[in-house]
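Right, one structure below, let's go through it.
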Amino acid sequence: MLERALTGDKRYYRWLMFLLVLMGLGFASYLYQFNKGLTITGLSRDVSWGFYIAQFTFLVGVAASAVMVVLPYYLHNVKVFGKITILGEFLAIASVTMCLLFIIVDLGKPMRLLNVLLYPTPNSILFWDMVVLNGYLFLNLLIGWNVLEAERKGVHYPNWVKPLIYISIPWAVSIHTVTAFLYAGLPGRHYWLTAIMAARFLASAFASGPALLILLAFLVKKYTKFDPGKEAIDKLSQIITYAMIISLFFVGLEVFTAFYSNIPSHMEAIEYLFFGIHGHGRLVPFMWLFLILAIVALVLLINPNTRKQEKTLKIACLATFFSMWLEKGLGLVIAGFIPNPFNEVREYAPTIPELMIAIGVWATGFFVLTILYKIATSVKEETAPSI
Amino acid sequence: MKIYDARYVLIGLAIFVGLFTIPFWYNMGRAVPPPDPKLDTPVIQQMAVKQCVLPLAEIRTGHMQLLNDWRTWVVRDGLRTYVAADGKTYNMSLQNTCMDCHSNKTQFCDQCHIYAGLEAGTVPYCWTCHIAPKENQ
Amino acid sequence: METSRRNFLKISGVCALGLTALPVADVFGESDLPKAIKNPQALTGQHWAMVVDMKKCWEKGKEGCKDCILACHAVHNVPDIGSIKEEIKWIWTNHYENVFPGQENEYNVKNLEGRPFIALCNHCTNPPCVRVCPTQATFKRPEDGIVMMDFHRCIGCRYCMAGCPYGARSFNWRDPRPFIKTELNMRFPTRERGVVEKCNFCAERLAEGLLPACVEACKVGALSFGDLADPNSVVRKLLASHFTMRRKPELGTQPNVYYIV
């Protein structure tokens, strides 16, 4: 099936070349980081995780959100998801790839990466995150590939795939739960020390992931002869609506607990994010942008007329994706370190090489995604009944 | 038997073999002097019995394993004294014990490491943390 | 036997996996190795702890004294990077309201304001850094409770820095060697780029029968080091006769650095 990725029109190759250039720039920046050390990033003694880990956290959510098409299709026999499921699974593969790359570029000693396997440490959540992420990658590769190959041959997928599909459903939940546990179990990081962290992560994932999936489905529909189906997009947009409402509700819960209890350490990170403290407020504009985008998304999603119209739905999806990216992919990780354990504010901003590396990783993810979607849509075009 | 696309297969194979054997081509015709590790440091010369912590054959082939064991015992197990086969005890330390005698890193360690094609000072990367002895050159 | 390319690839894959079992076989093949023992002259304890008498430090020490810091950083080849962002420190000072955040009120801060408090790794009884480390590169020594760093194993993920509620850990964002401003201590290694470091309660000095460098360097005896498991130890006597504080006790980490104010 892989050979389908090798044939395409000019636009397809141009897009791949464009991604390759970005990947090359990212790789060059990474070589620079590899030689100089992480000093080339904006990270510091006080904010020791930043843009890389934030992207990682956000993308685990996008990967986990594949369950939002897999679960209805395979467990509840929601037929309308039949065509879009493979797109969800392949999006998960690309996302997990990016997650793993973001972890690697964040390491101070990347060549010692395999120490995690050499000295397995079950008390470390990071060890479990490695296990569940790699497991999820392999599950989706096996399932997506076999189901698609069966479809190409016009047969039912092999029986041994079925249990894997069932396993992949709780497994998707596990990857984001474990990722939330990375943060939620640390004493002294009050912004992260919340029991609803995993729930928050899942809710925002089920909004941002399907939002991206809808946008991708529109792109696929535009550029190929494969139509994922209006009903599937309708259903997905309903899922996004609920997930977005729950997501913002959860953020509200955090605000209530912090401010009604009036415990300074619980309020400080939120104050820093939305108003700034001790005269520092680098993230304030981003957090207000998050709020505005979230409200725009909610208005467009809750109203059935705008939700069902392609144009407004696209805007709603973009707004959902970027608002969640700001909240989770930026604010959550950085504000966990502010103020630092000495109640001092040391701010963080990513540097140019740091952003270049991140763009390189995103480009790699989209490269993988493009190849996988090319294969999937080619197979779908071939097997579609001719009219 | 017929090979499909024989031309491409053979060209590909030739390129592969060429690339794979690059180390041989790269070093061809270059005379590399055999390693000559020197033992003429002041400390070693003053020793009555010139004996390392292990017999020569064992230390020559197994020094990396020994260093790894020392590392584990010292850093992780908190044991810092090594009891050799002859009952003699040593402070397990690359920087302090090994290099006290072998204070000539460039004439001793590097001799074989470079001959074996390891990048001097980089592989094995002992010396990014451990401080190499000062040599008067 | 007929074999397809597919089967051939399958079998090679399984064989390649089998090769990974080699190290397991090596472990079983190991012979008896010569023994490694504890240094006979080592100071031994079951539960090392430190008592910092800030009163003594302020009242008897000279203004701006940094003897403990300088001694520690010189002995351990701690670099002076010269930027707050990449600062590396094993023992340092900060204000009361920073070392004990949330414990200040507007009246006591007036008395304590500007007064330097000594901060270092607490060698917690329940260390979160050890709990989170994915490779056991940081670990708690079972025999004496020191929280150690294994610089050979650290992958530089910095999860321990997120886990430590005391800001005791520093990361080598760049090669530290050019920034070692003190005379190089040839008996102790430096660190390299990409690993986390922190106070090790002078494990290397204890092994030689010496007290930690900071304790030894303090001329007014404000720092005391000893074994909490020994009722006659200097630290137990100080704890019995003084009111002491620990940093962030509510987190359940059980710090082993105590403060007399």
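Where a number appears in this text, it was derived from the coordinates with a stated rule and is not lab data. Only a predicted model underlies this, so the values are computations on that prediction, with no experimental measurement involved. When we count neighbours, we look across all protein chains shown, and the Cβ atoms used for this are built from the backbone with ideal geometry, even at glycine.
Jot down the per residue volume, in cubic angstrom and as a whole number, of the convex hull over the alpha-carbon atoms of the range A:182-265.
Taking only Cα atoms, the range A:182-265 has a hull volume of 97 Å³ per residue.
Summarise the long-distance tail of P(r) for the range C:133-193 by giving the % of C-alpha pairs beyond 14 Å. Can you show the working numbers first?
Numbers: 1195 of 1830 pairs.
Cα-Cα pairs of the range C:133-193 separated by over 14 Å account for 65 percent.
Taking H as built 1.01 Å from N, whose amide H comes closer than 5 Å to the amide H of C:Gly156, not counting residues under 5 places away?
Residues meeting the criterion, in which the H sits 1.01 Å from N, are A:Gly108, A:Lys109, C:Val196.
Give the separation of the Cα centroids, the range A:60-86 to the range A:1-22, in Å.
27
For the range B:36-115, what is Rg from Cα atoms divided by 2.2 N^0.38 Å, rounded to two decimals?
It is 1.10.
To the nearest 0.05, how large is the calculated FRET efficiency for B:Gln51 and B:Asn96 if R₀ is 22 Å and r is the Cβ-Cβ distance?
About 0.75, to the nearest 0.05.
Count neighbours as other Cβ atoms within 10 Å of each site's Cβ, and list the GluC sites (Glu not before Pro) in the range C:32-96 that are DSSP loop with at most 14 such neighbours. Don't skip to the end; give the middle numbers.
On the way: sites: C:Glu59, C:Glu63, C:Glu86, C:Glu87; in loops: C:Glu63, C:Glu86, C:Glu87.
Answer in residue order: C:Glu63.
What is the angle, in °, between the Cα long axis of helix A:284-302 and the longest principal axis of the Cα atoms in chain A? Nearest 10 is fine, range 0 to 90.
Tilt relative to chain A: about 40 degrees.
Within the range C:175-261, list the GluC sites (Glu not before Pro) lying in a DSSP loop whose Cβ has at most 15 other Cβ atoms in a 10 Å radius.
Passing both the DSSP loop test and the Cβ count: C:Glu183, C:Glu208.
Tell me, Kirkwood radius of the range A:198-311 from alpha-carbon pair distances, in Å? Write out the running numbers ahead of the final one.
Working: mean 1/r = 0.0623 Å⁻¹.
Here the Kirkwood hydrodynamic radius works out to 16.0 Å.
Taking the Cβ of each residue in A:Tyr73, A:Tyr136 as the centre, tally the other Cβ atoms inside 10 Å and list the residues starting with the fewest.
Neighbour counts put them in this order, fewest first: A:Tyr73, A:Tyr136.
Rounded to whole Å, give me the distance from the Cα center of the range A:202-228 to that of the range A:297-344.
Answer, in whole Å: 16.
Report, to the nearest 10°, how far helix A:85-106 tilts away from the longest principal axis of the Cα atoms in chain A, using its own Cα long axis and a range of 0 to 90°.
So the helix axis and the longest Cα principal axis differ by about 40 degrees.
Amide H neighbours of A:Asp46 under 5 Å, counting only residues 5+ apart in sequence or on other chains, H built in-plane at 1.01 Å?
none
Given a cut-off of under 8 Å on Cα pairs at least six residues apart, what relative contact order in percent is computed for chain A?
30
Apply the a/c threshold of 1.5 to the C-alpha gyration tensor of chain C and tell me whether it is rounded, prolate or oblate.
It comes out prolate by the Cα gyration axes.
With runs of 4+ DSSP H residues as the only contributors, calculate the mean residue ellipticity of chain B at 222 nm using -39,500 (n - 2.57) per run, divided by the residue total and rounded to the nearest 500.
Dividing the helical sum by the residues of chain B leaves -10500 deg cm²/dmol.
Give the angle, between 0 and 90 degrees and rounded to the nearest 10, that separates the Cα long axis of helix A:352-383 from the longest principal axis of the Cα atoms of chain A.
That helix lies at roughly 20 degrees to the long axis.
Please express the Cα-Cα pair-distance distribution P(r) of the protein assembly as shown as a list of whole percents, one per 10 Å bin, running from 0 to the bin with the greatest distance.
2, 11, 19, 21, 18, 14, 9, 4, 1, 0
In whole Å, what is the distance between the alpha-carbon centres of the range C:149-193 and the range A:261-290?
31
Gain in length, A:Phe286 to A:Lys10, computed as 0.36 nm per residue apart minus the alpha-carbon separation, to one decimal in nm?
Contour length minus Cα-Cα distance gives 95.6 nm.
Could you give the semi-axes, largest first, of the ellipsoid that matches the range A:116-184, computed as the square roots of 5 times the alpha carbon gyration tensor eigenvalues and rounded to whole Å?
30, 12, 8
Would you grab the residues whose amide H sits under 5 Å from the one on C:His95? Only those 5+ places off in sequence or on another chain, please, with H modelled 1.01 Å from N.
Result for C:His95 returns C:Phe117.
State the dimensionless ratio Rg/Rh of chain B (Rg: radius of gyration of Cα atoms; Rh: Kirkwood radius).
1.19
How would you rank A:Lys235, C:Lys89, C:Lys219, C:Lys38, going from fewest to most other Cβ atoms within 10 Å of each one's own Cβ?
C:Lys219, C:Lys38, A:Lys235, C:Lys89
For A:Lys311, go through the lysines and keep the ones whose alpha-carbon is under 28 Å away, minus same-chain ones fewer than eight residues off.
Of all the lysines, those that pass the test against A:Lys311 - Cα under 28 Å, at least 8 places apart if same chain - are A:Lys10, A:Lys79, A:Lys83, A:Lys221, A:Lys222, A:Lys225, A:Lys230, A:Lys235, A:Lys328, A:Lys374, A:Lys380.
Only four residue types carry charge here, +1 at the Cβ of Lys and Arg and -1 at the Cβ of Asp and Glu. Report the dipole size of the range B:36-115 about the Cα centre in Debye, rounded to the nearest 20.
Using Cβ point charges on Lys, Arg, Asp and Glu, the range B:36-115 gives about 120 debye.
State, as an integer percentage, the relative contact order of the range C:137-257 based on alpha-carbon contacts under 8 Å between residues 6 or more apart.
16
Sequence gap at least 6, Cα distance under 8 Å: using those rules, report the relative contact order of the range B:36-115 to the nearest whole percent.
43
What list of whole percents do you get for P(r) of chain A, with Cα-Cα distances grouped in 20 Å bins up to the one holding the largest distance?
27, 59, 14, 0
Please report, in whole Å, how far the alpha carbons of the range C:158-203 spread along each principal axis, starting with the longest.
If we take the Cα atoms of the range C:158-203, the spans are 32, 25, 14 Å.
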